[in-house]
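Reviewing the structure listed below.
The values are calculated or read from the model by the stated rules, or taken from the named source; none is laboratory data. Nothing here was measured: the structure is a model prediction, and the numbers come from that model. Cβ placement follows ideal geometry from the backbone for every residue including glycine, while neighbour counts extend to all protein chains displayed.
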Amino acid sequence: MRKRKDHQASENEKPNLIGTFISVMLLGAFIIITWFGAYALFISR
Amino acid sequence: MHLHKFEKIWLVCGIGSLVVFLFIVGYGAFWQGTHPQSHGVTIDPYNIESNEAFKPENLGLTKVDDDKYIVNIAASAFNYDLGKDEEGNAVKTIRIPKGSTVLFQAATKDVVHGFHVAGTNVNMMVEPGYVSSLETVMDNAGTYTIVCNEYCGVGHHMMYATVEVYE
Amino acid sequence: MELAKKDHEQPSVQSLAISKPESRLYMSFISVAFISLLIGGLMGLLQVFIRSGKFTLPAGIDYYQILTVHGVILGLVLTTYFIIGFHFSLMGKTVGISIKQRKTAWVAFWIMVIGTIMTAITILFGEASVLYTFYAPLRAHPAFYIGLALVIIGSWIAGFVNWRQLALWKKAHPDEKSPLLAFMVTVNTVMWFIASLGVAVAVLVQFIPWSLGYAETINVLISRTLFWYFGHPLVYFWLLPAYMAWYAIIPKIIGGKIFSDSLARLSFVLFLFFSIPVGFHHQLTEPGIDPTWKFIQVVLTFMVVIPSLMTAFSMFATFEITGRRKGAKGLFGWFKKLPWKDVRFLAPFIGMLAFIPGGAGGIINASHQMNALIHNTIWVTGHFHLTVATTVMLTFFGISYWLIPYLRGRKLTPNINRLGIIQAIIWTVGMTIMSGAMHIEGLLGAPRRSSYSEYGGGEQVSEWIGYQMAQAIGGTILFIGIVLMVYIFIKLTFFAPKGEEEFPIAEEEVDAQPTPAFFENWKLWIGITVALILAAYTIPFIEIIQTSPPGSVPFDFPIGR
């Protein structure tokens, strides 16, 4: 269904994903911080 | 199948972090002996007194050495049996000096129970037929509630005791 | 075998019409889910009230009876029915369903309904206050176990129909790759079948004979191991339908394309591999399992994080590519181009956000000895109220906003859309308060699955009760969200204006790289899955049997029977 397309040259280029990259890296940083937080609590008990 | 350059970096960093986490817990577990409790010691669930540790006179706190204690607990719905004091009353509170090494040993007479000295890492499942045990150093003074944290029936939330770690 | 419809025209997306009788089938499953939502939500409300210490239940109703209803009806009934309804809708839309298959699907539905009713009755009569994990040697009435077995058997039949649907489609389309959504449904049903074999064996071989008195004792550790062999893939059975929507439906809603068909399939295959051989991470603090094997399953558990890392990247990338195509500039300009006022997007998006702390918490839970920090504390309850009760539920709500009107020949009106946005916000506020309070209270040591108790007083406990007050507030807000959602469900089902709603299925880029043919190699995927399960479980399972203590006789008195 819906087979319209105005695909131009831009589609063949590598997509610019710098925002994605920063977002996932922030997500990764969050995971690392919470994990080490829990680890510190575990060690302190 | 094609991976974007950024996705490759992301996956390398992400998987790398997981490896670091595993290495840290693995080092603690295999080299420092901080595995979660898993001794595989069995006991007759119909007669836990057959094990020396769970004879009525051995329940509760026993001092084995300077700064070394053993606490034996018989769990049943809905009570932790920590032995009796001199007057013959059931012990509900255990007092341990700060910095002591304490071995907690628990067994159940009936269903599955939990044993958590809340606020510490002493957190074990207590299952019929097995002895649960965990050794810890009580480094932080305070009053800790022992709670049954596995559902054992209608009185589950009434199953508790207290550990006081004093200076 | 006739396919109800055939459609060869669509190169990248299969899109078939869904007939009235089909709609009725799919809606039946979904309706049970929403009825369950209301009942289960009400139980949740009662629980947070009781745990605040300000209320007691009338007429001698037991807290744990209510808790059993809550867990069974939301964790097992709502999820399974919604997922099967959604699975069938996706299969009907992408590969079609024959009349014979539809009839078989009705058999599955009725078997599940009979099982659900049997289970419900035993719980309501107080004969099964064993919680949804039904750990031995607490014994419920046999009808409880038989009912659960029927629900599982019904769900298998539904899965078999799905497999048959795809097989027939493939026969009719020899050299084509299977539609992405049909592929995903098949992965999820295969995983479900392999995983639920464990609990089925426990129920049929251990629990039913033992509860009827034919077997004197039960091996407790084996029953728990079989349960958790099933219990972890169970949560992925909930999650994967949400991922289906994220990968293949959300891109269409935001006006974009699928980021990568191959990577989506790869992540699902990885979920199939690593969802099952990981059950020991729920049993880390148990006395009878060798710690080295626990650690091996911890490593496998961490493997199952990888497809979620891939999914996170795919989601952001879909958003960014779509936003940039709409003219977004700068690092994060694409973020503003997302359709924030479309509830079909907003609700699942909040679900995605909730999976960030949900996933982070999950990694902590599975971290071997660190599990002692949170095991059986109310942190765990907070954790799965983020993952299943927010990530999965908000995505399911997001699906409902278009699927129900589509199936009912109605329209999602701007008015209902607005109500949906309010619903999603209420859910977010309520869950942030409730789950946040549960996480903190759990770190302080408070147990889960426990009625209100002061545990003999003490400072520690009074601190816990403060957080339970917060949970009561959050839980009340959530209940308002549930009532609103049920209202929206009724509105969309019976009263929304007639019309045509879109069934959004995203397409691939025109110049997308072809998906490798090996993804259709089911024998390979299932073979690896079984090999991993055998590798993770064979030796420890034999050890458990060889070192078994005497079995346990049933206990009725603790649950008030």
Would you check if C:Thr318 is among the β-branched types (Val, Ile, Thr), assigned to a helix (DSSP H, G or I) and either within 7 Å of another protein chain (Cβ to nearest Cβ) or under 29 Å from the mean Cα position of the chain (by Cα) (or both)?
yes
Hey, can you tell me all the residues within region B:150-167 that are more than 7 Å from every other protein chain (Cβ to nearest Cβ) and aliphatic (A, V, I, L, M)?
B:Met159, B:Ala161, B:Val163, B:Val165
Scanning region C:431-446 for residues that are of a type in the set (A, V, I, L, M, F, W, C) and part of a helix (DSSP H, G or I), the one farthest from C:Ala347 (Cα to Cα) turns out to be C:Leu443
Do we find a residue being closer than 18 Å to B:Thr62 by Cα, within 13 Å of the chain's Cα centre (by Cα) and surrounded by fewer than 21 Cβ atoms within 10 Å (Cβ to Cβ) anywhere in region B:139-157?
no
Scan region C:360-375 and report the pairs whose first residue is more than 7 Å from every other protein chain (Cβ to nearest Cβ) and whose second residue is crowded, with 24+ Cβ neighbours inside 10 Å and among the small types (Gly, Ala, Ser), with Cβ atoms within less than 6 Å and a gap of 6+ or a chain change.
C:Ile374/C:Gly442
Whether any residue in region B:131-149 is of a type outside the set (S, T, N, Q), at positive phi and at the interface with chain C (Cβ under 7 Å from one of its Cβ atoms) is what I want to check.
no
Inside region C:504-561, the number of residues satisfying the requirement of being basic (Lys, Arg) and either surrounded by 15 or more Cβ atoms within 10 Å (Cβ to Cβ) or within 11 Å of chain B (Cβ to nearest Cβ) (or both) is 1
Would you mind finding the one in C:Thr395, C:Thr387, C:Thr413 that is under 26 Å from C:Gln297 (Cα atoms), of a type in the set (S, T, N, Q) and away from chain B (no Cβ under 14 Å)?
C:Thr387
The listed residue being at pLDDT below 95 and more than 23 Å from the chain's Cα centre (by Cα), out of C:Phe295, C:Phe332
C:Phe332
Could you figure out which of (1) surrounded by 15 or more Cβ atoms within 10 Å (Cβ to Cβ); (2) away from chain C (no Cβ under 14 Å) isn't true of B:Val64?
(1)
Within region C:530-540, identify whether any single residue is farther than 24 Å from C:Val278 by Cα and either of a type in the set (A, V, I, L, M) or outside any loop (DSSP other than H, G, I, E, B) (or both), and answer yes or no.
no
Could you tell me which numbered condition C:Gly96 fails, if it satisfies all but one of (1) farther than 30 Å from C:Ser23 by Cα; (2) over 20 Å from the mean Cα position of the chain (by Cα); (3) not in a helix (DSSP H, G or I)?
(1)
Take the conditions more than 18 Å from C:Ile404 (Cβ to Cβ) and assigned to a loop (DSSP other than H, G, I, E, B) and apply them to C:Thr56. Does it pass?
yes
Kindly check whether there is at least one residue in region B:102-111 that is modelled with pLDDT of 95 or more, surrounded by fewer than 20 Cβ atoms within 10 Å (Cβ to Cβ) and either of a type in the set (A, V, I, L, M, F, W, C) or assigned to a strand (DSSP E or B) (or both).
yes
Looking at C:Leu338, C:Leu373, which is the one that is surrounded by fewer than 24 Cβ atoms within 10 Å (Cβ to Cβ) and either assigned to a helix (DSSP H, G or I) or of a type in the set (Ser, Thr, Tyr) (or both)?
C:Leu373
Please find, within region B:100-130, the residue that is nearest to C:Gln369 (Cα to Cα) out of those that are more than 7 Å from chain C (Cβ to nearest Cβ) and among the polar types (S, T, N, Q).
B:Thr120
Scanning region C:491-503 residue by residue, those surrounded by 13 or more Cβ atoms within 10 Å (Cβ to Cβ) and outside any loop (DSSP other than H, G, I, E, B) turn out to be C:Lys491, C:Leu492, C:Thr493
Which pairs have Cβ atoms under 9 Å, sit 6 or more apart or on different chains, and link a residue in region B:1-18 that is free of Cβ contacts under 8 Å to residues at least 12 places away in the same chain and within 7 Å of another protein chain (Cβ to nearest Cβ) to one that is surrounded by fewer than 16 Cβ atoms within 10 Å (Cβ to Cβ) and part of a loop (DSSP other than H, G, I, E, B)?
B:Met1/C:Gln513; B:Met1/C:Pro516; B:His2/C:Gln513; B:His4/A:Lys14
Just one of the numbered conditions (1) facing another protein chain (nearest Cβ under 9 Å); (2) surrounded by fewer than 20 Cβ atoms within 10 Å (Cβ to Cβ) is not true of C:Leu353; which one?
(1)
Report whether or not C:Glu502 is at pLDDT below 95 and within 27 Å of the chain's Cα centre (by Cα).
yes
B:Met125 fails exactly one of the following numbered conditions: (1) within 9 Å of the chain's Cα centre (by Cα); (2) surrounded by fewer than 23 Cβ atoms within 10 Å (Cβ to Cβ). What is the number of that condition?
(2)
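Matching residues to (1) more than 18 Å from C:Gly456 (Cβ to Cβ); (2) touching a Cys at 6+ places or on another chain (Cβ under 9 Å):
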position: B:Thr62; (1), (2): yes, no
position: B:Ala74; (1), (2): yes, no
position: B:Gly83; (1), (2): no, no
position: B:Val91; (1), (2): no, no
position: B:Arg95; (1), (2): no, no
position: B:Asn121; (1), (2): yes, no
position: B:Glu127; (1), (2): yes, no
position: B:Leu134; (1), (2): yes, no
position: B:Tyr160; (1), (2): no, yes
Please give the number of the condition B:Asn51 fails out of (1) at the interface with another protein chain (Cβ under 8 Å from one of its Cβ atoms); (2) buried (at least 17 other Cβ atoms within 10 Å of the Cβ).
(1)
Could you list all residues from region B:23-43 that are free of Cβ contacts under 8 Å to residues at least 60 places away in the same chain, facing chain C (nearest Cβ under 8 Å) and outside any loop (DSSP other than H, G, I, E, B)?
B:Val25, B:Gly26, B:Gly28, B:Ala29, B:Phe30
